[in-house]
């Protein structure tokens, strides 16, 4: 069967798409990029925010009408896990609804051609699946799945299940294979990588061992971290290893202590700032990013201003900013005094405007600096190649004389916030 896969949401979903491709390939199916020829179309979804969910479901309707003959429509991922059977009743175009822990059943369900939702949760880690990786020279390695934090706004523990960590030896074996295959960068994935633990081995030790295997040929980065679980041991490992990327995504969500407590985040503003200071003290050139939520239930204007001031104080290189989005089953739905949607959007626009200015200024600060970039592939414009710094900044090279995986020393000559332009040091 000819299959087409589209992925929405986080990097975990991107890697799940690679796992899904591996499952289909092993069962004798063909995965193609062209939806027009597909006999089965898979949409891997994200349920963290309402907009992402709505966008993915809208895409299902669009994709169902692309081929001449309607394909088998399969909805996968977190939205599938959240709504299950209800989606089949709501969307007549859907044929299969499959949760993240039961992708291994897809070949048999395609064969049976039943209209069904399968969303049983378990401890599936897909160790027997060989992912079809599509982003050379960058690759993902899952180290843990699920989450135990139950932040009051977040649906992840309900759709991804409880935390479970992969065995250390299996992770290291996968990393070794990627390094031998010539991959130039590996990202360790988990809903909360800091929570990784297996037979007494925590995440700092895992990161140290992965770094040793990667050596001089491969960079290592990771996502996502919970501020509560970030400790000096992890920061010291990062600072001591040249191949561990100087980038840290540290979601704050709010700058106000009462809101942080209501969110169930487990840290205070001052505690968060102390960890930011620790990172910058050990790695002065570290690139920091965050997540922030505007308009959490009960958030006053004064409390929102604390989030504004946190952006101003930390001066993140990048920030992912969202208005609060109601998610069924989360504790935040029971909090009184919800902020009107219009006001949430107003507060979000304030954060966006501020962060855009900060990002522009932080970006221009690196003009004139020399750094080595990893070429990732063609840029959007013809005649250019895209690359990434250790801090994951996008750098455009005005030449096609490079191949994915090349390491190129450059000087940053121009920057406009999210895009930078590099001039090779050696021609």
Which of the following residues is in contact (Cβ under 8 Å) with a residue 40 or more places away in the chain and not assigned by TED's automatic domain parsing to the domain that holds residue 389: 202, 146?
-> 146
Being part of a strand (DSSP E or B) and buried (at least 16 other Cβ atoms within 10 Å of the Cβ), is that true of even one residue in the stretch 274-288?
-> yes
Quickly run through the stretch 413-422 and pick out the residues that are surrounded by fewer than 15 Cβ atoms within 10 Å (Cβ to Cβ) and either at pLDDT 95 or above or in a strand (DSSP E or B) (or both).
-> 413, 414
Filter the stretch 208-236 down to the residues that are part of a helix (DSSP H, G or I) and touching a strand residue (DSSP E or B) at 6+ places or on another chain (Cβ under 7 Å), then identify the one that is farthest from residue 151 (Cα to Cα).
-> 214
Spot the failing condition for residue 9; the list is (1) surrounded by fewer than 17 Cβ atoms within 10 Å (Cβ to Cβ); (2) in contact with a helix residue (DSSP H, G or I) (Cβ under 7 Å, 6 or more places away or on another chain); (3) over 17 Å from residue 96 (Cβ atoms), and only one is missed.
-> (1)
Any idea how many residues of the stretch 237-273 are in a loop (DSSP other than H, G, I, E, B) and more than 30 Å from residue 373 (Cβ to Cβ)?
-> 8
Looking at 339, 413, 395, 375, which is the one that is more than 24 Å from the chain's Cα centre (by Cα) and outside the structural domain of residue 293 (by TED's automatic domain parsing)?
-> 413
Residue that is nearest to residue 190 (Cα to Cα), among those in the stretch 5-16 that are modelled with pLDDT under 95 and not in a loop (DSSP other than H, G, I, E, B) = 12
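Matching residues to (1) surrounded by fewer than 20 Cβ atoms within 10 Å (Cβ to Cβ); (2) part of a strand (DSSP E or B); (3) in contact with a strand residue (DSSP E or B) (Cβ under 8 Å, 6 or more places away or on another chain):
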| site | (1), (2), (3) |
| --- | --- |
| 361 | yes, no, no |
| 372 | yes, yes, yes |
| 376 | no, yes, yes |
| 390 | no, no, yes |
Options 399, 403: the member that is without any contact (Cβ under 8 Å) to a residue 60 or more places away in the chain, within 19 Å of residue 216 (Cβ to Cβ) and assigned to a loop (DSSP other than H, G, I, E, B) = 403
Qualifying residues in the stretch 117-134 (those that are surrounded by fewer than 16 Cβ atoms within 10 Å (Cβ to Cβ) and farther than 11 Å from residue 100 by Cβ) - the one modelled with the lowest pLDDT = 123
Residue 81 is checked against (1) at pLDDT 90 or above; (2) out of contact with any strand residue (DSSP E or B) (no Cβ under 7 Å at 6 or more places or on another chain); (3) part of a loop (DSSP other than H, G, I, E, B); (4) within 30 Å of residue 324 (Cα to Cα) and fails just one. What number does that condition carry?
-> (3)
Tell me, yes or no, whether the stretch 168-182 has at least one residue that is out of contact with any helix residue (DSSP H, G or I) (no Cβ under 7 Å at 6 or more places or on another chain) and touching a residue at least 60 places away in the same chain (Cβ under 8 Å).
-> yes
Given 353, 326, 382, which one is free of Cβ contacts under 8 Å to residues at least 40 places away in the same chain and either in the same structural domain as residue 151 (by TED's automatic domain parsing) or part of a loop (DSSP other than H, G, I, E, B) (or both)?
-> 382
Considering only the stretch 153-171, how many residues are part of a helix (DSSP H, G or I) and within 30 Å of residue 339 (Cα to Cα)?
-> 5
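The values are calculated or read from the model by the stated rules, or taken from the named source; none is laboratory data. What you see is a predicted model, and the numbers here were worked out from it, not measured in a lab. Don't worry about glycine lacking a Cβ; one is built from the backbone with ideal geometry, like all the others, and counts go over all protein chains shown.
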